[in-house]
Amino acid sequence: MVHPWPGDEYLLDRNAVQELGQILRKKRPDVVHSHLYPAHLHASLAAEEVGIPAIVHTAHTVIVRPGDALLSYVTAARTIAVSRAAGRLLEDVGVPPERIEVIYNGVGSEHFEQNLEAQQRVRADLNVGSGPIVGMVSRLSPEKGVDVLLRAVQQAIQVVSPLTVLIIGDGPQAAELHQLASQSGLNETVHFLGARSDIPVLNRLFDLFVLSSREEACPMALLEAMAAGRAVVATHVGGTPEVVTHDVEGLLVPPDDPEALARALFMLLKEPGRRTAMGAAAHQRVARQFTHERMVHETLSFYQRILANTAQLPHTGSRKR
């Protein structure tokens, strides 16, 4: 079963621990698996209280505070990292390598499917022109580098015109980024669409997908665009190079470098044949290595290995169920 954690703060909520403990006693799971550190704090305490030794935590980010790593070390039997880069960071801040398992994110089947009718409807609703469309799906927050994309687009439109840029997502930097786009004279080029539920359809509209992040672990937005057969331009950070091979599925550029990003955009927008070949390679790469089915299979196998070695787990305790 899945029990969502309602908060996003690191403060301990003893009522939440008690509620989770009651659920665990009732459901009697073999494994307790938490995602993100605030949820892990509460899930691990509840599992320890009930006496469940198989506690698994997934680290979805490459932003790890020392206290987070200590929490994983002390309370988790094993920690899943969604990329080798995320795993190395966990090791760097103190998690023993033998407790780390790399299982990459997986993409659902809906991102591989094409819906031409929906694509035509969305294109008409958005009223985009006939020129190329560059898309980005991202949280609007500093670590995602949306400001870098805007500065790159400011340069790219000097040589690629007309150009439409669609930015999908919301976040704390939304107002600031809207203002930057306006000040940069990009109101006719860049369109902020906010949060959307039709990402598989939107990805198919893009001629090119961009991810200009300053840090990433294993970006789902990138995988989803690649599943849709989009060539990508992404920054060489975190786990992204584990997903994209430079000059095969797309181009990798340094982070915080709008000039390099603009050059990459110009290069692929001017070479549709190369872009198409990269998009096909991207689709094949995700279908081969990053499917939801593969992720589920590897996770279940991981559970089975943990349960087969329960006596060797760092927290066996007495099952108080």
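Every number here is computed from the coordinates shown, using simple stated rules; none is lab data. Predicted model only: the values in this text are computed from it and were never measured. Here the Cβ is made from the backbone with ideal geometry for all residues, glycine too, and neighbour counts use every protein chain on show.
Just to compare against my own numbers: the Cα pair-distance distribution for the chain, 20 Å bins, whole % per bin, please. Taking all Cα pairs of the chain, the binned fractions are 30, 51, 18, 0 percent.
Counting neighbouring beta carbons within 10 Å and listing from fewest to most, the residues Met295, Met136 come out as Met295, Met136.
Max-minus-min Cα coordinates of the range 109-290 on each principal axis give 43, 36, 32 Å, with the largest extent listed first. The alpha-carbon of Lys144 sits under 20 angstrom from the alpha-carbons of these aspartates and glutamates, leaving out residues fewer than 8 places away in its chain: Asp8, Asp170, Glu176, Glu215, Glu216, Glu224, Glu242, Asp256, Asp257, Glu259. Global size of the range 176-252: 13.6, 36 Å for Rg and Dmax (C-alpha atoms, Rg to one decimal, Dmax whole). For the range 109-290, averaging the sequence separation of C-alpha pairs within contact (under 8 Å, six or more residues apart) and dividing by the residue count gives a relative contact order of 24 percent. Taking a straight Cα-Cα cut-off under 18 Å and skipping sequence neighbours fewer than 8 places away in the same chain, the aspartates and glutamates within cross-link reach of Lys27 are Glu19, Glu48, Glu49.
Approximating the spin labels as points 7 Å out from Cα along Cα→Cβ, the His297-to-Lys270 distance works out to 4.3 nm. Here Lys270 is the anchor, and the aspartates and glutamates within straight C-alpha reach of less than 16 Å, apart from those fewer than 8 places off in the same chain, are Asp207, Asp247. Dividing the mean sequence gap of close Cα pairs (under 8 Å, 6+ apart) by how many residues the chain holds gives a relative contact order of 20 percent. Rounded to whole Å, the principal axis extents of the Cα atoms in the range 192-321 read 64, 30, 28, largest first.
Using 0.36 nm per residue and subtracting the Cα-Cα separation, the extra length available between Asn15 and Gln304 on full extension is 100.9 nm.
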